[in-house]
Each structure stands twice: as C-alpha cells, then as structure tokens.
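Colleague: Take a look at this one; I'll ask things after.
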Amino acid sequence: MLVVSAGLFRSGSTWLYNAARHLLQAQLGPDVLSGWIEDVDRKELLSAKHALVKIHEFDEEIAGNAQFILVSHRDLRDMMTSLHRKFAADLTVERVHTVLRDYDRWEQRATLVLRYEEILMANTRVLSRIADSLKLDPFSERELEQILVEMEREAATSKPERGRRSNRLTGLHQNHRIDGRMGQWREWLPAGFVREIEVEFADWMKRHEYAMTKPGEVVGVADEIWNKIRQFEGAAKRVVIFGTGRSAERAWDVLLNYPGFCVKAFADNDPEKSGTMFRNLPVWSPNELLRNCDWDIVCIASQWQQEIAAQLRQMGLEPEQIAVNDPLGRPSLLLGIRDWPEFGSTRMEIPSKIVGEP
C-alpha cells in the first residue's frame, strides 16, 4: 500500500503527512516506510508493503502506484504570503502557475481533499476523516487525542539534522510554522499582486470557495509602500529591537521569519535591564547601542515610539537607521522614520524618563 501526501505549499501538507504517518503506524506497525520523496529510495518505496511519501511536484509513476492520495489546499494569497515570509519566494503569477500545475494533477486523483482551515483546527474529527480515507479501522477518541499530543510534541522538539533544511522524520523546517492565520495576505501582500492573483486565478479561487475582494475594498500593502520595503530590506539587515515588552516580542517574531533580517540584540532605557538577556539575546543600554557597531538599524518596538525616535535622533542616529514596528506585526511600518509624517522634520522633545513597555 502506497500513500501519498501531496498538498499545496504552506497548506498544512506537512501536518497532513505526519497525521497519516501516525495513523498508519498505529495500526500497521512502526515498519511503515515514510519520508520526503528525496529522502527515500524509489524502488524501495514502490515495493514496500506499506509506505507513505510526502511530495509536491507531480510524479506520474508515484501517482499510478498510489492506493491513496491525500491533498490539502489554501487560499493562494495566503500561500504566497507564507512562501515569501518563510523562503523569500518571488511574488509572481508565474510562481503560482507552477505550483498549481502540480497540485491540480494531484487533486484530480485525490482520495481526500482537505482545506487549510480544517487542518488548522487539528482536532480528532480531522484525524478521523484522514483515517477513514485510508480505510483504517476506527480509532477511539482517546487514541486520536493521544496522536494529536504526540504530533504537538514532535512539532515542538524536532529540528533539522546537521546539513539538512528539514527534519528527516517529520519534514518540519526550523520555525516551520510562522503565522497560521487565515487572511494574513491582507497585511502582507502588495495590493497589486493581490489583484493579479484574483484576476489570473479567479476560476480556481471560486471553485475552491475562496472569497474575492469586493469592489473598492482596500487590502494589502500599498504598492508604493511595498517598493520602499523591498529597497529597505536590501540596505539594512542587522537589527536591534528597542524595547523588551510585548511589542518587542511581536517584533522579534516578525523579524525572525521575514527574509533578510537578523536580530542582533535588544535595547532598553531601563538601567535594570541593561546587561540582561531577552529571547537569548543581550539587552543594551542606549550608550552600549552607540558603542556597538554590529547593527544596521534600530527597530522601535514600544508604546513610546515617538519619544524614543526623538531620543535616537538626538543621539546622532540618522532617520534611515530608525524603524518603527507595527503592533499588529505587519511589515508596512518597517521603514525608516523619514517615510512617516509623524516622525517628520518637527523637533520632538525627549521626556525626562523613558522606559521600555511593561
């Protein structure tokens, strides 16, 4: 028996693969051959008594020998958002066409089609649907719950082996899950690209029941802002986050998963925090920030954005060296303060005491 897990990129296909792996092993034993297509021997895969393979590109031989084909799909706008954030994929219609050429061929032969929204629930009902599609004996609710717990444990602990991009057993990349929200494209994709997708793939989106934007609805990052973001990425990569509160944590999460940025340290005006560690990185005082040259830009992640921006300007930082972080985690404010009217030419007074966000 050969089982194929072949979803769209960033559609929960790795979760689907691991769910199938656990279900098969629970009933057929630990000897089920499983792995990413590039990690398994093709002859062994096709001759194995029980096998499971994860794959994206369509493969006629694999498809022809598969008894079960499981696929998952996702809103194309969210898929491209996730591909760009995780792997710096180019935002082009051609890229979407390439992905869909493979996916649509898998879907035509699929024995189970899951939406990303269903996988996001990660509950026993979804597991039961997968088990039914594989014609396995019914699982008890407790057995399914135990599988979900084990999958969460693996997701939290598995890391790629040395020299690999993903873990050989689970297929999970480092920081595999970056932002599972549905509709994140509204905050990340350039508006022009959103329009391109909706025009070029209107039939596919309608067939898979993904809502299109309404006439006059403003969505996505304005094209002119997007172009500035792209310019800015190439100019500055090493980041110091100013702040050590909740906004700083959000900024860390965004920058950690946004291509081209590397967080070097945090900074804070509170002297008690200077010299401590935050997210396994040092916390600098403003003076240490000036003494250390191993950074390109300071990203303010605090409720005191204007005050800290004024402080940094009076310390000698240029507008291009200062950015502000959107509390919602969107990239549109990850720009030099020169681009924003509230940080314009008017002089801002520094309050007598500025502390980081609690």
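The values are calculated or read from the model by the stated rules, or taken from the named source; none is laboratory data. It should be emphasised that the depicted structure is a prediction, and the values quoted were computed from it without experimental measurement. So basically every Cβ, Gly included, is an ideal-geometry build from the backbone, and we count neighbours across all protein chains shown. Accessible surface areas use protein heavy atoms only, side chains included; no ligands, DNA or RNA. Shrake-Rupley method; radii C 1.70, N 1.55, O 1.52, S 1.80 Å.
Colleague: Take the residues in the range 272-304 that are in contact (Cβ under 8 Å) with a residue 24 or more places away in the chain and polar (S, T, N, Q), then tell me which one is farthest from Ala251 (Cα to Cα).
Modeller: Here the residue is Asn292.
Colleague: Which of the residues that make up the range 123-148 are loosely packed, with under 11 Cβ neighbours inside 10 Å and part of a loop (DSSP other than H, G, I, E, B)?
Modeller: Within the range 123-148, Lys135, Asp137, Pro138, Ser140 qualify.
Colleague: Give the residue that is surrounded by the most Cβ atoms within 10 Å (Cβ to Cβ), with candidates limited to residues of the range 286-326 that are acidic (Asp, Glu) and within 21 Å of Arg246 (Cβ to Cβ).
Modeller: Looking at the filtered set, the residue picked out is Glu307.
Colleague: Name every residue in the range 8-27 that is in a helix (DSSP H, G or I) and hydroxyl-bearing (Ser, Thr, Tyr), in order of residue number. I'd like the intermediate steps shown before the answer.
Modeller: To start, the set of residues in the range 8-27 that are in a helix (DSSP H, G or I) comprises 13-27.
Within the range 8-27, Ser13, Thr14, Tyr17 meet the criteria.
Colleague: With the condition kept exactly as written, say whether any residue in the range 66-85 is β-branched (Val, Ile, Thr), within 30 Å of Val199 (Cβ to Cβ) and at pLDDT below 95.
Modeller: yes
Colleague: Okay, moving on. Being outside any helix (DSSP H, G or I), modelled with pLDDT of 50 or more and in contact with a strand residue (DSSP E or B) (Cβ under 9 Å, 6 or more places away or on another chain) narrows it down to one residue among Ala309, Ala265; which is it?
Modeller: Ala265
Colleague: Then there is this: Quick check on the range 1-24: of everything there that is more than 22 Å from the chain's Cα centre (by Cα) and open to solvent by less than 50 Å² (accessible area, probe 1.4 Å), which residue is nearest to Leu169 (Cα to Cα)? First the steps, then the outcome.
Modeller: Just the residues of the range 1-24 that are more than 22 Å from the chain's Cα centre (by Cα), to begin with: 1-4, 20-24.
So of that shortlist, the ones also open to solvent by less than 50 Å² (accessible area, probe 1.4 Å) come out as 2-4, 20-24.
Numbers: Leu2: 17, Val3: 16, Val4: 15, Ala20: 13, Arg21: 10, His22: 11, Leu23: 15, Leu24: 14 Å.
Selected residue: Arg21.
Colleague: Quickly run through the range 286-302 and pick out the residues that are among the polar types (S, T, N, Q), part of a loop (DSSP other than H, G, I, E, B) and out of contact with any helix residue (DSSP H, G or I) (no Cβ under 7 Å at 6 or more places or on another chain).
Modeller: Hit for the range 286-302 is Asn292, nothing else.
Colleague: Keeping to the range 271-285, report how many residues are crowded, with 16+ Cβ neighbours inside 10 Å and part of a loop (DSSP other than H, G, I, E, B).
Modeller: 3
Colleague: Next up: Is it the case, given these coordinates, that Ala236 is at pLDDT 70 or above and either surrounded by 23 or more Cβ atoms within 10 Å (Cβ to Cβ) or more than 21 Å from the chain's Cα centre (by Cα) (or both)?
Modeller: no
Colleague: How many of the residues making up the range 241-258 are modelled with pLDDT of 80 or more and assigned to a loop (DSSP other than H, G, I, E, B)?
Modeller: Total meeting the criteria: 3.
Colleague: Another question about this same structure. Which condition from (1) farther than 16 Å from Ser72 by Cα; (2) without any contact (Cβ under 8 Å) to a residue 40 or more places away in the chain is the one that Glu107 breaks?
Modeller: Condition (1) is where Glu107 drops out.
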